[in-house]
Amino acid sequence: MADGIVLILAGLFSGFLSGLLGVGGGAFFVPVLVFIIGASPHVAIGTSLAVIVPTALAGCLKHYRSGNVDLAMALMLSIGALGGAYLGASTASHISGPLLRKVFGAFVIIVGVHMLFATPNGEEKPKAAADAQQLY
């Protein structure tokens, strides 16, 4: 019963993050399932993928109604993502649980550092950086 409550609360929090930030839930679900519930990394990843579909549909519907979905971009991403997901799942089945957990952790750290310090295309650069570019 306690695991059920943890899973429901984890789902609620991850769903909130998904709608707010566009994350699929894996960055949150996988650690919860591995470290709190005690699932193997393989089961945690597979279960997290199963939850992405309803989570993504709910968040996508609201963002679509708000005019925040580029359908052409989503279609192109989906084409690549379908093949990539199958290849990734096939690869994961040949990797040990401990190594898979380390690869996942490294990925989360790299993406997190990049998100903290990189300036995305279309986002205004800090004034000092913009001034420095004008010198060249």
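Values quoted throughout were computed directly from the atomic coordinates according to the rules given, and no laboratory measurement underlies them. No experiment lies behind these values; they were computed from the predicted model shown. Here the Cβ positions follow ideal geometry from the backbone for every residue, glycine too, while neighbour counts run over all protein chains shown.
With the cut-off at under 14 Å, measuring from each backbone N in the range 1-31 to a point 7 Å along the Cα-to-Cβ line of S66 picks out 16-23. Its DSSP H runs of at least 4 residues, each contributing -39,500 (n - 2.57), put the calculated 222 nm mean residue ellipticity of the chain at -25000 deg cm²/dmol, to the nearest 500. Packing-based ranking of 2-8, 94-100, 44-50 yields 44-50, 94-100, 2-8, ordered from highest to lowest mean Cβ neighbour count within 10 Å. Near A39, the amide H atoms lying under 5 Å from its own belong to V34; only residues 5 or more places off or on other chains count, and H is placed 1.01 Å from N. Is the C-alpha gyration tensor of the chain telling us rounded, prolate or oblate? Criteria: a/c under 1.5 is rounded; beyond that, a/b larger than b/c is prolate, otherwise oblate. Since a/c reaches 1.5 and a/b is larger than b/c, the shape of the chain is classed as prolate.
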